[in-house]
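Comments concern the structure below.
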Amino acid sequence: MEMPNTLRMADGSYMRRSDVHAILQHLYGLQCVEVVGFSNVGKSALMRLLAQPDVWIQELGEAGHDFLPVYVDCNHMLAMSDHGFYELVLRSLQESTTGLSNLADLKAAYATMISPSSEFQVPLSFSRGLTAVLQAIDHRLILLFDEFDEPFSHLDSRVFINLRALKDRYSTRIAYITATEQPLVRRRAEDHCGEFCELFSHHTWHLAPLTRSDVERYVRRYMTAFDIHFTSADIDFIYEWAGGHPRLLNGVCRVLEDAIEATGVAAADTTERWELHEQVTRRLRQDEELAIECEKIWRKLGESEQAALGALARPDLAEHEDALARLLRQHILLKVEGKYQTFCHLFAEYVQRKTPPSAPAASQLWVDADRGEVLVNGRPVETLTNLEYRLISLLFAQRDRIID
């Protein structure tokens, strides 16, 4: 079971209101924006929301009518080539409105694009088609390039020279917004791609996980969709373990739902609910789908960033200052009461498993979850009961956190 990948609520409202507002303020001035976020944090859902005209009207009022947002899903390229990219953009324009689908010059440019007599006609047809659109509409055109990582990494730099040239020529008529896992300049600044990257250099929006209030809205939508009741304590538990990461949220909700249905625990019984959460915690640590999501985040980090995460509980943390700053910008790390912590507990435990401690410092308590051992001063404690081990594990999991 998985929730629909949308930020829309049943009443027409939407999540990520602060993200939407900030990004549209830039686009209102026709400033290009790059949305950057780690794996499955919700970039595509945000891009699809930004492509809906009523969102522009809600945020900008009457001025929202002056814009035509067109969503371009790069996953729908017929081939990872210049031709495939150009074809997708013209196709997306044709599909965006009835007026553009019937625009003769756009249809002619697309027909030539599909069956060019020479390779030179491909970029020429693209330019003609896009120019025809700009001349036919009274709106300012916003092209939203979703899943832009692979095209930007592999297409010929001339594609991006053309996009830059169109922006320069029609600076008061068009703007671009891209969605990638890393800033464009970090992916490809060589050749002539740097000129395209300059369009976004001052308008990078690092997408954070959902806020606490949006998480509650997400969970309540899950409750409605799957006819399950979560208590306020359950929602706190879900947020602690998943943060605002949509895929992790869905996974934790799923595991908690299964446990509630299997045990029939009463919602009002605080003690039973605490024991249920302990049971769910053990299942979360063994859930392969959740581990895969954490692996996707980890795999895309640089070695220095991985090392910084592994050093969070060690005294040499100050040596990783630059990497910590990058992790903060990516919202993978948060700073609470002057201390660093990962955005959710699932990823924190994943990091712990990926970077096991070498030798705990003197007078230090450490729980090795993989081995099921508690270490004090580097030596395992051998006489703990199961309940004692669970209690220490719970306390250890909350180290460096302030718990209400």
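Selection of the stretch 139-159 for residues being in contact with an Asp or Glu (Cβ under 8 Å, 6 or more places away or on another chain), more than 17 Å from Tyr86 (Cβ to Cβ) and either among the aliphatic types (A, V, I, L, M) or not in a helix (DSSP H, G or I) (or both) yields His139, Arg140. Condition check for Asn75 on (1) in contact (Cβ under 8 Å) with a residue 40 or more places away in the chain; (2) buried (at least 16 other Cβ atoms within 10 Å of the Cβ): one failure, at (2). Evaluation of Ser201 against the conditions (1) among the polar types (S, T, N, Q); (2) farther than 30 Å from Asn250 by Cα; (3) within 17 Å of the chain's Cα centre (by Cα) shows that the sole unmet condition is (3). In the set Asp156, Asp149, only one residue is surrounded by fewer than 20 Cβ atoms within 10 Å (Cβ to Cβ) and more than 19 Å from Tyr71 (Cβ to Cβ); that residue is Asp156. If I ask for residues that are more than 12 Å from the chain's Cα centre (by Cα), within 22 Å of Phe196 (Cβ to Cβ) and surrounded by 14 or more Cβ atoms within 10 Å (Cβ to Cβ), which ones from the stretch 26-53 would you list? The answer is His26, Leu27, Tyr28, Leu30, Gln31, Cys32, Val33, Glu34, Leu50, Ala51. When restricted to residues that are under 18 Å from His83 (Cβ atoms) and surrounded by 21 or more Cβ atoms within 10 Å (Cβ to Cβ), the stretch 111-138 contains 5.
Residue count for the stretch 276-304 under the criterion of being under 30 Å from Glu319 (Cβ atoms) and part of a helix (DSSP H, G or I): the result is 11. On inspection, Arg353 passes the criterion of being surrounded by fewer than 16 Cβ atoms within 10 Å (Cβ to Cβ), modelled with pLDDT of 80 or more and either among the aliphatic types (A, V, I, L, M) or part of a helix (DSSP H, G or I) (or both). Can you tell me which residue is modelled with the highest pLDDT among those in the stretch 359-371 that are small (Gly, Ala, Ser) and surrounded by 12 or more Cβ atoms within 10 Å (Cβ to Cβ)? Only one residue tops the list, namely Ala369. Contact annotation: residue pairs with Cβ atoms under 7 Å, 6 or more positions apart or on different chains, pairing a residue in the stretch 30-52 that is more than 10 Å from Ala208 (Cα to Cα) and assigned to a loop (DSSP other than H, G, I, E, B) with a partner that is among the acidic types (Asp, Glu) and at pLDDT 95 or above, are Ser39/Glu181; Asn40/Glu293.
The values are calculated or read from the model by the stated rules, or taken from the named source; none is laboratory data. Small disclaimer: the values here were computed from a predicted structure and weren't measured. No Cβ is skipped: glycine too gets one built from the backbone with ideal geometry, and neighbour counts run over all protein chains shown.
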